[in-house]
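This report refers to the structure that appears directly beneath it.
The numbers here are math on the coordinates, done by the rules we state, and not lab data. Since this is a predicted model, take the numbers as computed values, not measurements. Neighbour counts run over all protein chains shown; Cβ positions are idealised from the backbone, glycine included.
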Amino acid sequence: MALGTTDISVTLVKNTLAANTTAVSGLCTFPTINKWSRYKPVTGTWPQAVDGKFGLVLSGWGYNHPTSIFRLGDFRGYQHTGIMPVIYSLFDNRVPSVLYPSGTITTAVFGVKANSTNNTTRIQPVDLGIQDYYFGVRYRVTGDTNYFWWYKTGSIVHDITEGGNPTIDIDVTVTVTGNVGVFNNAPLTATGTATVELFICSTQCTNWTTTAPPIIYLLPSEIVNEVQVVNSYSFVVSGWTVVSNYTMFWAGSATGYGNFQSTVVVTSGAYFTIGSKPSWLTVTDWRAGGQINTGDWLSGDELRCYPTVANTGLTRYDYIVIGDQEIFCEFQGGTPTVSYSSSPIVINSAIPTTLNAGAGSVAIQFHIVSGLSPTVNVPLYIRLYNTTTSTYLGSWTTVNTHDGQIVNATLGTFISSDINYGNVYIIFLSTVDPLL
C-alpha cells in the first residue's frame, strides 16, 4: 500500500521503512527505500529528480539518494512493496542449458516484461526516455581466444507488454571450413560455456555483430519484492558433430580404394567414433594426408570410404552414423524405377513408390539424396504425370525437406482420372514453382 499524500510523519515513514532513525536525513537515505517507487526522496525537482530519471541510474539500475537537501514530503505516495522494475526479466526464461548444434537454429525465449499499465505509482519507460529503445541479447563463450561480445536486438521496449516474451534466434548452425567447425555468423566457438546478458539499447542491430551499440543498459538483476529478476544466463555448447559431405554415391562397377569418397568430420569433443556403417563399405581414417591405422580418430580427420566389391544387383543404400550425424550412402546397381524431371535433384529410387490402381490420390515415398540443401528445409514441388495419356494428374504438391530426408507425400487429392493398370506414370520434381 502506498503512503498517503497528506499526514506524512516521521513515525509513519520510520515504521514503513523499518528504520532505526528518526532523522529526516537518515530516513531519506535509508537503504530499505524501494528505488522502484515513482515517489521517493530525490535530489532536485520531485519526483522526477534533477536528471529526470526519478532517482534511478540506468547504468546498473542504482538509486541516487538525496545528498544535501532532505524533504520528508518526498515520501508522499511512496510505495514500499508491489512495484516491479520498469523493465525486467523473470527467472522463467527458456534458454537451454546445453546447445547441441548440428544444422539447426536454436531460439532462446526470454521472459522479459515492461511496465505498461498507466499507474501513478509506477515508473513508465516513457518517464525514463527509453520507450523507443530495443531489447537485446549479447553473449560470448569461454575458450574463444578473442572473447568478444556478440550483439543482436529484437523488440522495442514500448512493444514489450507485461506478459510478453521477446524471442531472439541464437544461430548455432555449424559448417565445416577446412578442418574446423564454424558457426554461421561465428557467434560461438566450437565448445565452451556461453554467458548471455539481456539489455536495452538505443540502436537496432538485426544481425549478430561484435560492434557494441553506442548506448546500452543491462537489465536489472536482483530480488525485488521476493521475486528474482535476472539479466544473465549461461549455456554450454557441446555434443555436436558435423560432416562436410552428407551423401556419398558409387557406380555399380566401382570397387576398391581408387573409388573412395571422403568427408571431414568435426566434433565439439576431441575424438569421435563411428556408430555404424554399411557392410559393403570400407572406412579409413586420414590425417594430414596419411592414413591412421591405430589410435583415436580426432576431430578434423578425413574419412575415406569405398565399396569392397562391385555391385551387380539392386541398388544398395545405408547410412554411416557418426555422433549425431548420418551420411547417406548409395551403391548403384540395377535400373531405377522412378523418373524425375530435375536432374540436379537425386533421389533414392530403390525405396518403393506405390501407385494404387483406381486410387483418387497417390501415396509416394522416396529418399532425397542431394540437390536441395544439406540442412535447411526448402520447398520441393511434386506432380504426377501419365505418359500413356500425356496428361498431368491433380495439382502440384509442395513439401519442405532437405537432403538425407525421407519424403512421404500424397499426390492429387483432386485427381481427375483414376490410376489405371498398364499406364506409365512419372513423378516430376522441381525446386522452383512450376508454371504447368
Sorted by chain and number, the residues with a modelled amide H under 5 Å from that of residue 122, at a separation of 5 or more or across chains, are none
Note down the nm distance, to one decimal, between modelled labels 7 Å out along Cα→Cβ at residue 259 and at residue 376. 3.5
Most exposed first, judged by fewest Cβ atoms within 10 angstrom, 316, 138, 71 run 71, 316, 138
Non-local amide H neighbours of residue 80 (under 5 Å, H modeled in plane, Pro and chain starts lacking H): which ones? 3
Between residue 314 and residue 423, the FRET efficiency computed from the C-beta separation at R0 = 25 Å comes out, to the nearest 0.05, as 0.55
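Cα-Cα over 25 Å: which of 14/40; 35/152; 53/113? Can you show the working numbers first?
Working: 14/40 14 Å; 35/152 29 Å; 53/113 19 Å.
Flagged as over cut-off: 35/152.
Report the GluC sites (Glu not before Pro) located in the range 207-310 that are in a DSSP loop and have at most 14 other Cβ atoms inside 10 Å of their Cβ, or state none.
Passing sites in the range 207-310 are 226.
Just subtract the alpha-carbon distance of residue 20 and residue 81 from 0.36 nm times their residue separation and send over the number in nm, one decimal. Before the final figure, lay out each step's value.
Numbers: separation 61, 0.36 × 61 = 21.96 nm, distance 1.92 nm.
Extra length available between residue 20 and residue 81 comes to 20.0 nm.
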Once you put a point 7 Å from the Cα of residue 120 and another 7 Å from the Cα of residue 227, both along the Cβ direction, what distance in nm separates them? 2.3
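Take the Cβ-Cβ distance between residue 68 and residue 12 as r, set R0 to 22 Å, and report the resulting FRET efficiency rounded to the nearest 0.05. Write down the numbers at each step before the final one.
Values: r = 24 Å, r/R0 = 1.08.
With a Förster radius of 22 Å, E is 0.40.
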